[in-house]
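Notes follow the structure.
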Amino acid sequence: MESKNVKVKNLEVFEVGPCENAYELGFLIGQRFSKMIKSRLATDLILQNQLLPFAHTPKSQPLLQSLSITNKKKFPEYWDELLGTADGSGSPFLEIMLLNFRKEILPFVAKTTVGSKNDDTNDDCSDILVVSDSMAIAAHNEDANVALAGHTYLIKGILSNGMSFTAYTYAGELPSCAFGFNSLGMAFTLNSVPPTEVEIVAGAIGRNFISRDLLEAQSIDDALKKIYSPEVSIGHSYNVIDIRTRRILNVETASRNRYSIREVGTEPFFHANMYLHLHVQQAHDDNSLCREERAALLPKGSKSDFLSLLGNNKDAKYPIYMTGPSLYTLCTAVIDLDEQTISIIEGNPKETEASFVFSMSSQQ
């Protein structure tokens, strides 16, 4: 197997594979980014103040055991990849596991936990999507807790079957809880959604495992099957892109195998962090509502309009483009289905050139 790395600006690309097995893939990633992973584990306040204290209580054990057994059984290779990441980085597997299941665990953490507001703000994102005669674009702001700044990297994984994927990855997590694409012309971006606690199934499949599986989707139908066939613990919103058929689907999911599919067409479609078409009880989110209201007022007639929209910071409290103090836009990804490219912009997308432009038509 081969591995190499290239550094451009602050974001590093690590090319790895083909490997003998999934554990080796994870191990090499963990080894390469050991310092960054350890830094994140030490500075992630949600992990330190909420997840770890909860994990050391007797109450947590049935939940953690169920998550482990269920996900290991459904996705044994990805579980091995996670074990490899922990071993390669020299990090406790419990901490790596808690990071990857944070959304599935946090609803069960007592509100009285030290430092807990139970408001996980790790992945509040914005997407603007369109498929018209003149353009087919999916543009995505990757928003996270400000502590994630400097704790992400790009993984280009080359698999033994010849397929490859490129995934924007949070340190210590499976590729990718953010966005990615593969050599078959499939891509996705993700938006978290806020169901109420009654909508959550304890100990079921974790979303990080679904999105890792999605990186290996062979077609839009295969992607849909990977999204809605597993019994998930907590819902999510997926923007599924197929450059070969020039299609974008927004798929909203919830526990108990509920899902809704909306085909993106000529009317630009903005998605923040609220369910828009799947009828699920959800928590009120002022941040998402403000972003949706702002986006509705902005021009959406061209790619430059999309970049200006995602770069909009006029709302002092809830801007679309975030610069702190708690939430931060890590980067912007722009997938152009006609150019068959994905561009990654580090900085405000309305005024910053792309750091990377990847071809989606020549990945193999």
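The values are calculated or read from the model by the stated rules, or taken from the named source; none is laboratory data. The shown structure was predicted, so the numbers you read here are calculated from the model rather than taken from an experiment. Cβ coordinates were reconstructed from backbone atoms using ideal geometry, including for glycine residues, and neighbour counts include every protein chain displayed. Protein only, heavy atoms only, side chains kept; ligands, DNA and RNA dropped before computing areas. Shrake-Rupley method; radii C 1.70, N 1.55, O 1.52, S 1.80 Å.
A few points about this structure:
- Probe 1.4 Å, protein heavy atoms only - accessible area per residue of the chain in square angstrom: 39
- For segment 75-81, Karplus couplings with θ = phi - 60° (6.51, -1.76, 1.60), whole Hz, Gly/Pro x: 10, x, 5, 5, 5, 5, 4
- Choice from Pro195, Pro92, Pro18 with maximal GNM fluctuation in the chain (Cα, 10 Å cutoff): Pro92
- The chain shape via C-alpha gyration tensor axes, a/c threshold 1.5: rounded
- Note on the chain: GNM, Cα springs under 10 Å; of Asn273, Asn313, Asn182, the largest mean-square fluctuation is that of Asn313.
- Whether segment 251-349 is rounded, prolate or oblate, judged on the alpha carbon gyration tensor where a/c under 1.5 counts as rounded: oblate
- A simple spin-label model places the labels of Lys59 and Ala202 1.0 nm from each other, with each point 7 Å out along Cα-to-Cβ.
- Shown for segment 233-364: the carbon plus sulfur share of the solvent-accessible area, taken with all protein chains present and a 1.4 angstrom probe, equals 47%.
- Here the sum of -39500 (n - 2.57) over DSSP H runs of 4 or more residues, divided by the residues of the chain, equals -8000 deg cm²/dmol at 222 nm, to the nearest 500.
- Within the accessible area of segment 130-228 (1.4 Å probe), percent carbon and sulfur: 49
- Accessible surface ranking that places the most exposed of Met360, Met36 first, with a 1.4 angstrom probe: Met36, Met360
- The heavy atoms of Lys226 present about 40 square angstrom of accessible area, all protein chains included, probe 1.4 Å.
- Per-residue extension of 0.36 nm, minus the Cα-Cα distance of Ser326 and Asn49, leaves a gain of 98.1 nm for this segment.
- Here the Gaussian network model covers the chain, with springs between Cα atoms less than 10 Å apart; of Glu351, Glu173, Glu292, Glu351 fluctuates the most.
- HN-Hα J in Hz across segment 238-249 - Karplus 6.51, -1.76, 1.60, θ = phi - 60°, x for Gly and Pro: 10, 9, 9, 10, 10, 6, 6, 9, 6, 10, 10, 10
- Phi angles across segment 289-295 convert, under the Karplus curve 6.51 cos²θ - 1.76 cosθ + 1.60 with θ = phi - 60°, into 3J(HN,Hα) values of 4, 5, 5, 5, 5, 5, 4 Hz, Gly and Pro given as x.
- Straightening the chain between Asn10 and Asp87 buys 25.2 nm, computed as 0.36 nm per residue apart minus the Cα-Cα spacing.
- The order of His284, His140, His277 by accessible area, most exposed first and with a 1.4 Å probe, is His284, His277, His140.
- Approximating the spin labels as points 7 Å out from Cα along Cα→Cβ, the Glu77-to-Asp338 distance works out to 3.6 nm.
- Accessible area in the full protein assembly, largest first, 1.4 Å probe, for Ser134, Ser192: Ser134, Ser192
- Distant-in-sequence amide H partners of Phe179 (H built 1.01 Å from N, under 5 Å): Tyr168
- Segment 302-364 and segment 5-83 have Cα centres separated by 26 Å.
- The charge dipole of the chain, taken about the Cα centre with unit charges on the Cβ atoms of Lys, Arg (+1) and Asp, Glu (-1), comes to about 540 debye, rounded to the nearest 20.
- Euclidean distance between Cα centres, segment 247-297 to segment 192-213, Å: 16
- Once backbone amide H atoms are built at 1.01 Å from N, Gln218 has Ala223 as its partners under 5 Å, excluding neighbours fewer than 5 places away on the same chain.
- Antiparallel %, DSSP beta bridges [both residues in the chain], to 5: 95
- Residues Leu94 and Asn161, FRET efficiency given R0 of 30 Å [Cβ-Cβ distance, rounded to 0.05]: 0.40
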